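Visitor: Pasting in a structure now, in structure tokens, and then I'll have a few things to ask.
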Amino acid sequence: MTYPRGTLIRNATATRINHWITAGCFVLLLLSGLSMFHPLLFWLSGLFGGGQWTRAVHPWIGVVLLLSYAGMIVQFWRDNLWSRDDIAWMRAIDRVLVNQEEGVPEIGRFNAGQKFVFWSMALLVPVLFFTGIVIWEVYFSSYTTIEQQRIAVLIHCLAAAAAIIIWIIHVYAAIWIRGSVRTMTQGYVTPGWAWRHHRKWLRRLAATGSVGPRPRAGDDGRNA
């Protein structure tokens, strides 16, 4: 794939495919899970061919989600390690929320909010998977008791609720920061966007010869 001249590659094609498989699985699990959660939402099962098909495909989608998110962890765990810069960034969160990031501590490839989403889902996805195994009656009901299944259902629902909240935050933040959605649809960003939002990452690219000098004055990423 070719990228516009003068832009920076933020996410390669394989990374974007991995991300959208993960996102697609999550949405499908959200819809199918809600259809089984409450009778008022049962109509959502029609998207999967009815209640029986929903119960059948839901856990298999969960398996794909686990494998897909494992791919995300392999690619990004190093960039999501916590640092002192993240604490300083969090202290300036009020300026970040109003898109006034000048003077905010410089950050690398991911900011503290993105790291929170990453590690939260890294915890919740396995919890959802393993509690789902316990209540996957077709294959594992003979290995668990009713009490264990009830506890697993409770934990599964709580973890799902937490994952939905985090997903909403993730989507909202991606839309709020202009140019962020493009990083996962087309894979590139402008130097101005990188300078404004991920300056330390841009400096690292410059140090390795992957990008030219600092963006010109006025190219702050607002039109990214």
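Visitor: Consider residue 177 carefully, then state whether it is crowded, with 16+ Cβ neighbours inside 10 Å and either closer than 21 Å to residue 85 by Cβ or polar (S, T, N, Q) (or both).
Guide: On the way: crowded, with 16+ Cβ neighbours inside 10 Å: yes; either closer than 21 Å to residue 85 by Cβ or polar (S, T, N, Q) (or both): yes.
Considered against the rule, which asks whether it is crowded, with 16+ Cβ neighbours inside 10 Å and either closer than 21 Å to residue 85 by Cβ or polar (S, T, N, Q) (or both), residue 177 comes out as yes.
Visitor: Still on this structure, please answer the following. May I ask you to verify whether residue 109 is over 24 Å from residue 53 (Cβ atoms), touching a residue at least 12 places away in the same chain (Cβ under 8 Å) and among the charged types (D, E, K, R)? Lay out the reasoning, then the answer.
Guide: On the way: over 24 Å from residue 53 (Cβ atoms): yes; touching a residue at least 12 places away in the same chain (Cβ under 8 Å): yes; among the charged types (D, E, K, R): yes.
Yes, satisfied.
Visitor: Given (1) more than 21 Å from residue 157 (Cα to Cα); (2) part of a helix (DSSP H, G or I); (3) open to solvent by 50 Å² or more (accessible area, probe 1.4 Å), identify the lone condition not met by residue 52.
Guide: (1)
Visitor: In addition: Show the residue pairs meeting these rules: Cβ distance below 9 Å; 6+ apart or different chains; first residue within the range 149-177 and within 15 Å of residue 124 (Cα to Cα); second residue open to solvent by 70 Å² or more (accessible area, probe 1.4 Å) and of a type in the set (Val, Ile, Thr).
Guide: From residues that are within 15 Å of residue 124 (Cα to Cα), there are no pairs.
Visitor: Right, next: Given the conditions (1) of a type outside the set (Val, Ile, Thr); (2) open to solvent by less than 60 Å² (accessible area, probe 1.4 Å); (3) closer than 15 Å to residue 187 by Cβ; (4) assigned to a helix (DSSP H, G or I), which single one is not true for residue 35?
Guide: The one condition residue 35 does not meet is (3).
Visitor: Got at least one residue in the range 189-202 being modelled with pLDDT of 90 or more, aliphatic (A, V, I, L, M), within 21 Å of the chain's Cα centre (by Cα) and outside any helix (DSSP H, G or I)?
Guide: Yes: the range 189-202 contains one or more residues that are modelled with pLDDT of 90 or more, aliphatic (A, V, I, L, M), within 21 Å of the chain's Cα centre (by Cα) and outside any helix (DSSP H, G or I).
Visitor: Something else now. I need the full set of residues from the range 97-131 which are outside any helix (DSSP H, G or I) and either more than 18 Å from residue 77 (Cβ to Cβ) or aromatic (Phe, Trp, Tyr) (or both), in order please. So that I can check it myself, show each step before the final result.
Guide: Pass one, the range 97-131, residues outside any helix (DSSP H, G or I): 98-111.
Those that are outside any helix (DSSP H, G or I) and either more than 18 Å from residue 77 (Cβ to Cβ) or aromatic (Phe, Trp, Tyr) (or both): 98, 99, 100, 101, 102, 103, 104, 105, 106, 110.
Visitor: Against the condition part of a loop (DSSP other than H, G, I, E, B), of a type in the set (Ser, Thr, Tyr) and in contact (Cβ under 8 Å) with a residue 40 or more places away in the chain, how does residue 69 come out, does it pass? Walk me through it before giving the result.
Guide: Details: part of a loop (DSSP other than H, G, I, E, B): no; of a type in the set (Ser, Thr, Tyr): yes; in contact (Cβ under 8 Å) with a residue 40 or more places away in the chain: yes.
No, not satisfied.
Visitor: Would you check if there is a residue in the range 207-222 being farther than 23 Å from residue 18 by Cα, modelled with pLDDT under 90 and assigned to a helix (DSSP H, G or I)? Explain how you work it out, then say what you get.
Guide: Residues of the range 207-222 farther than 23 Å from residue 18 by Cα: 207-222.
Among the residues that remain, those that are also modelled with pLDDT under 90 are: 207-222.
Now drop any that are not assigned to a helix (DSSP H, G or I), which leaves 207.
Yes, the range 207-222 contains at least one residue that is farther than 23 Å from residue 18 by Cα, modelled with pLDDT under 90 and assigned to a helix (DSSP H, G or I).
Visitor: Another question, if that's okay. Suppose the filter is touching a helix residue (DSSP H, G or I) at 6+ places or on another chain (Cβ under 6 Å) and modelled with pLDDT of 95 or more; does residue 125 pass it?
Guide: On the way: touching a helix residue (DSSP H, G or I) at 6+ places or on another chain (Cβ under 6 Å): yes; modelled with pLDDT of 95 or more: yes.
Criteria met by residue 125.
Visitor: While we're here: Just checking, how many residues over the range 65-102 are open to solvent by less than 40 Å² (accessible area, probe 1.4 Å) and of a type in the set (A, V, I, L, M)?
Guide: 5
Visitor: Separate question: Could you grab the pairs with beta carbons closer than 7 Å, sequence gap of 6+ or different chains, first residue in the range 74-99 and on the phi < 0 side of the Ramachandran plot, second one open to solvent by 40 Å² or more (accessible area, probe 1.4 Å) and part of a helix (DSSP H, G or I)?
Guide: From residues that are on the phi < 0 side of the Ramachandran plot, the pairs are 80/119.
The values are calculated or read from the model by the stated rules, or taken from the named source; none is laboratory data. It should be emphasised that the depicted structure is a prediction, and the values quoted were computed from it without experimental measurement. Quick reminder, even Gly has a Cβ in these numbers, built from the backbone with ideal geometry, and neighbours come from all protein chains shown. These accessible areas exclude ligands, DNA and RNA; they are computed on the full protein's heavy atoms, side chains included. Shrake-Rupley method; radii C 1.70, N 1.55, O 1.52, S 1.80 Å.
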